[in-house]
1. Is the shape of segment 11-116 best called rounded, prolate or oblate, per the rule: a/c under 1.5 gives rounded, else a/b larger than b/c gives prolate, else oblate, with a ≥ b ≥ c the square roots of the Cα gyration tensor eigenvalues?
2. Distance in nm between label sites at residue 29 and residue 76, each 7 Å beyond Cα in the beta-carbon direction?
3. Enumerate by residue number the GluC sites (Glu not before Pro) in segment 25-118 meeting two conditions: DSSP loop (anything except H, G, I, E, B), and at most 13 other Cβ atoms within 10 Å of the site's Cβ.
4. In debye to the nearest 20, how big a dipole does the chain give about its Cα centre with +1 on each Lys and Arg Cβ and -1 on each Asp and Glu Cβ?
5. Of the options 40, 101, 63, report the single residue whose Cα projects farthest towards the positive end of the charge dipole of the chain (beta-carbon charges: Lys, Arg +1; Asp, Glu -1).
6. Starting from the 7 Å offset along Cα-to-Cβ, what nm value, one decimal, do you get for the label separation of residue 40 and residue 18?
7. Based solely on its DSSP helices, what 222 nm [θ] is calculated for the chain when runs of n ≥ 4 H residues each add -39,500 (n - 2.57) and the sum is averaged over all residues, nearest 500 deg cm²/dmol?
8. What number, in percent, do you get for the relative contact order of segment 1-112 if the mean sequence gap of Cα pairs under 8 Å and at least 6 apart is divided by its residue count?
Amino acid sequence: MVRDNEKWKARKREWTTRNRQKITDNKKRYVARNIKYVNSIKAIPCADCGKEHSSFVMDFDHVSGNKEGVISQMARRPVGLEKLKKEIAKCEVVCSNCHRYRTNANKQVSVSMRSSNP
Ligand SMILES: [Zn+2]
């Protein structure tokens, strides 16, 4: 069966107009849920220094897999919880200070590897 694209688009536009408030409310609800979930994951001691900090001090350090997004940015969009969990599974939770030390150590390794392989 061939779908009448123009007719379908018009119906979608009309549905979106009728449900605009509902769509906005759902987006806000998903973002609030995502932020709450991410903060609950961050409520653990730092993997490196072992100290507990407020959620805004804690970072997700990607340690495996391909980084598909920055978790704090993903959480502020109405993405699905499964997508968020999949990205979080690639990370360790560390405080921002330890995260910087890790990142700097990785850069040092990267620089030394480049200088030994001209
Ligand atoms: Zn730390």
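Coordinate-derived values only; no laboratory data. Values in this document were obtained by computation on a predicted structure and should not be read as measured data. Please note: Cβ atoms are built from the backbone with ideal geometry, for glycine as well, and neighbour counts cover all protein chains shown.
1. Working: a/c = 3.67, a/b = 1.98, b/c = 1.85.
Taking the square roots of the gyration eigenvalues as a ≥ b ≥ c, segment 11-116 is prolate.
2. Label-label distance for residue 29 and residue 76, simple model: 2.3 nm.
3. Details: sites: 52, 68, 82, 87, 92; in loops: 52, 68.
In loop regions of segment 25-118 (DSSP not H, G, I, E or B), the sparsely surrounded GluC sites (Glu not before Pro) are 52, 68.
4. Values: 27 positive and 12 negative charges, 173 e Å.
So the magnitude is around 840 debye.
5. Comparing the listed Cα positions along the dipole, 40 ranks first.
6. Label at residue 40, label at residue 18, 3.5 nm between them.
7. Numbers: 5 runs with 71 residues, N = 118.
Rounded to the nearest 500, it is -19500 deg cm²/dmol.
8. On the way: 93 pairs, mean separation 32.2, N = 112.
Across segment 1-112, relative contact order equals 29 percent.
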